[in-house]
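First up is the structure itself, then whatever we jot down about it.
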Amino acid sequence: MTNNHVETREFQTEIRQLLDIVINSLYTDRDIFLRELISNAADATEKLRYLKLSGNEVNDPDLPLEIFINTDETANTLTISDNGIGMTKEELIENLGTIAHSGSKEFIRHLAEARKEGSSGIDLSLIGQFGVGFYSAFMVAERVTLYTRSYTPGAESWIWTSDGSGNYSIEKSEETRRGTRIVLSLKEDAKSYGKGEDIKRIIKQYSSFVPYPVNVNGEKANTVEAIWTKNTSQISDQEYTDFYKYIANAFEEPFYRLHFSSDAPLSIKALLFVPGENYERFGFSRMERGVNLFCKKVLIQEKSEAIVPEWMRFVRGVIDSEELPLNISRETLQDNALVSKLNKVVTGRFLKFLDEQAKDDPAKYKEFWEKFGNFIKEGAATDFVHKDALVKLLRFESNQSGQGEVISLESYVERMKEDQKAIYYISGSSREVIESGPYLEIFRDKGIEVLYSYETVDDYILDNLHEFKGKKIVAAEQDSEDLPEADLRQGEDEEIPLEEQKPFLDWFKETLGTKVTEVRSSKRLVDSPAVVLSSYGTHSMQKMMQLMNKDFGNVPAGILEVNTRSPIIKGINELRKANDPFAAAAAQQVLETAQIAAGLILDPRSMVNRLYSILERAVTTK
Ligand code: ADP
Ligand code: MG
């Protein structure tokens, strides 16, 4: 009874180009073809389920909604079957012979260019995102034969087949079962895909969360459930942990977990984990992003760079939004407005979660801060959209916190002194360095809290923030009117007489020349003889510039403030009045010592002879 008419048709030009690339290139990863075919099977199944749910009549209404994969090592074939919506002849021609979307054509053009440039391996992993995933089958198959019957009552069955070389043929089939069965006749070098074990491994990697059972040779291969779609009350801690370990390839427990769903402004289900450890801080290479993007449990993009900002690369998890249309794949995700909206909502929610954790369990948050604080800092410095929320999460040590204790900007402001003008910070490589330097004196003296900034990124963030909750943020080493002033202490060490101060300071400036912009009497030094203030930024930022430019001779000129009560400064004034040339050497040394205290890098060679002459004078006893 086979009076079958075989109809041969040509692929559209772009598809011919694509197939040429798919068949004749080296690939970086061939396994992805299976994800594409399973995702198509899942799509077709999902559509069937929807049609049934919305009351449509379908063929074989009782077929199980499952996906079946069978391998045959003898015949060298791999077969993928679904009980989805199937295709009519017209749909076959339209879906597997033409490209309707400009994005797909664009993608193919890019691939063709990459090949011309002679890239050693073509990365076809985006093929699914550009709506041409089906053709990836030809990476591993020398012939693809597809049997299909549409769900529409009375539909005929069809066989579609091609070796990918430019034509395909369609003929009628005797099959009666609804859905699609794809038989791949494997290429000589792709025989391993005829082994069930290999197929299971790939499924575990790419398709574990497909919402329908995927059976390989009769055995269910996707055991991990799409737990993010369940209610939080239905999931045990153990299940969460197992899921985390699975997606993060981790051995340890997650540190935090956030599972939420929302309907407005976007429909989202998200399950995010902060890992147990941050390996980046131990010098391991920079992490890749770890949030997978799903649409209705079907993986759209692994480790999506579009769905979370770069600083969130330490987060592992899943974001699922049914609002992503199945054809999201036809645009680049990075440019998709919906995806960036999802990104914004999820990031905002994650930051709110961290803020809540910080309030509910500060001790645990502190541990988080120690492990993952670098990412929050990076975010605060680079992510302008979420800057406010990120800044709230920052923590600092201060002169009023114990070693290792940290406070937020918020609690700093809460306990500010009534007449305090600003939020102050001091930078230095460690607590010891900061506390032995001259900048803290006035704050210690007045009982004002100062935040410690140990890293350049801290300086950068605070410097760029300018203010928090209406309070200015001021670096203690910066020339600012908002720095506190010392009270004049009655009866204590006398200062240089007022009428001598102007000529003394003028002389000081003249002696130092262009090394300083100004020499003035300090209102904030208590014990130290002098301090340099930078006219912009902090010293550690200046030091970084020096390091970058390898220009250590070039210490930027700042303001020198001298303590007119200090015996050293008073002594220099006396020498000046006596016209002793040693006064100039001492003045130079005061400046350079103050610069060293500020953490700036000086060329020590010029200092050596001067230090010897100062020493000589100090040890001379006559
Ligand atoms: P995409 O899945 O992004 O649309 P593909 O190249 O993977 O792109 O598939 C092209 C089209 O072929 C699909 O949109 C679908 O209409 C049809 N198709 C592919 N596989 C199946 C299947 N198993 N069942 C029904 N239709 C399918
Ligand atoms: Mg597809």
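Taken together, the values in this text are just the output of simple stated rules run on the coordinates, not laboratory data. Not measured: the values here are computed from a predicted model. FYI the Cβ positions are ideal-geometry reconstructions off the backbone, even for glycines, and counts take in every protein chain you see.
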Mind checking the angle between helix 32-53 and the chain's longest principal axis? C-alpha axes, 0 to 90 degrees, to the nearest 10. 70
Dividing the Cα radius of gyration by the Kirkwood radius, what Rg/Rh value follows for the chain? 1.18
Which is farthest toward the positive dipole end of the chain among L78, Q546, T152, measuring Cα position about the Cα centre, with Cβ charges +1 (Lys, Arg) and -1 (Asp, Glu)? L78
Between T621 and E481, what's the calculated FRET efficiency when r is the beta-carbon distance and R0 is 51 Å? Round to 0.05. 0.65
So, in nm, how far is label L26 from label D445 when the simple model puts each one 7 Å beyond its Cα toward the Cβ? 7.1
Report, in debye and to the nearest 20, how large the dipole of the range 46-187 comes out about its Cα centre when Lys and Arg carry +1 and Asp and Glu carry -1 on their Cβ. 240
Net +/- balance of residues flanking F11 in space, Cβ distance below 15 Å, scoring K and R +1, D and E -1: -2
Can you classify the range 396-484 as rounded, prolate or oblate using the Cα gyration tensor, where a ≥ b ≥ c are the square roots of its eigenvalues, rounded means a/c under 1.5, and otherwise it's prolate if a/b beats b/c and oblate if not? rounded
Cα-based Debye curve of the range 227-360 sampled at q = 0.15, 0.17 Å⁻¹ gives log₁₀ I(q)/I(0) of -0.71, -0.92
Summing Lys, Arg as +1 and Asp, Glu as -1, what charge do residues with Cβ under 14 Å from the Cβ of G290 carry, G290 excluded? +1
Net charge (Lys, Arg +1; Asp, Glu -1) of residues whose beta-carbon lies under 10 Å from that of V457, V457 excluded, is -3
Would you mind calculating the gained length between S102 and K366 on full extension (0.36 nm times residue separation, minus the Cα-Cα distance), in nm to one decimal? 90.0 nm
In the structure shown, do any of K364/K387; K52/K344; K105/K297; K52/K297; K204/K341; K89/K116 have a Cα-Cα gap over 25 Å, and if so which? K52/K344; K105/K297; K204/K341; K89/K116
From the square roots a ≥ b ≥ c of the eigenvalues of the alpha-carbon gyration tensor of the range 430-473, which class results: rounded (a/c under 1.5), prolate (a/b over b/c), or oblate? oblate
Between L602 and E322, Cβ-based FRET efficiency (R0 60 Å, step 0.05) works out to 0.45
Would you mind getting me the FRET efficiency between Y279 and N554? Use the beta-carbon distance for r and R0 = 45 Å, nearest 0.05. 0.75
So how many Lys-Lys pairs in the range 498-620 land under 22 Å Cα to Cα, not counting same-chain pairs under 8 apart? 12
Over its alpha-carbon atoms, the range 169-275 yields an Rg and a Dmax in Å of 18.9, 57
Compactness ratio of the range 498-620: Cα Rg over 2.2 N^0.38 Å, N = residue count? 1.06
What's the percent breakdown of Cα-Cα distances in the range 284-437 across 5 Å bins, shortest bin first? 2, 8, 15, 17, 16, 13, 10, 7, 5, 4, 2, 1, 0
For K230, go through the aspartates and glutamates and keep the ones whose alpha-carbon is under 14 Å away, minus same-chain ones fewer than eight residues off. E239, D320
What dipole magnitude, in Debye to the nearest 20, does the range 396-484 give about its Cα centre under +1 on Lys/Arg Cβ and -1 on Asp/Glu Cβ? 240
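Okay, helix-only estimate at 222 nm for the chain: each DSSP H run of n ≥ 4 adds -39500 (n - 2.57), divide by all residues, round to 500 deg cm²/dmol; what do you get? Spell out each step's value before the answer.
On the way: 18 runs with 226 residues, N = 622.
My calculation for the chain gives -11500 deg cm²/dmol from helical runs alone.
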Measure nothing but the geometry: give the 0 to 90° angle between the long axis through the Cα atoms of 456-465 and the longest principal axis through the Cα atoms of the chain, rounded to 10°. 90
For K417, go through the lysines and keep the ones whose alpha-carbon is under 16 Å away, minus same-chain ones fewer than eight residues off. K446, K469, K471, K472
If one compares the long axis through the Cα atoms of helix 196-206 with the longest principal axis of the Cα atoms of the chain, the angle in degrees, nearest 10, works out at 40
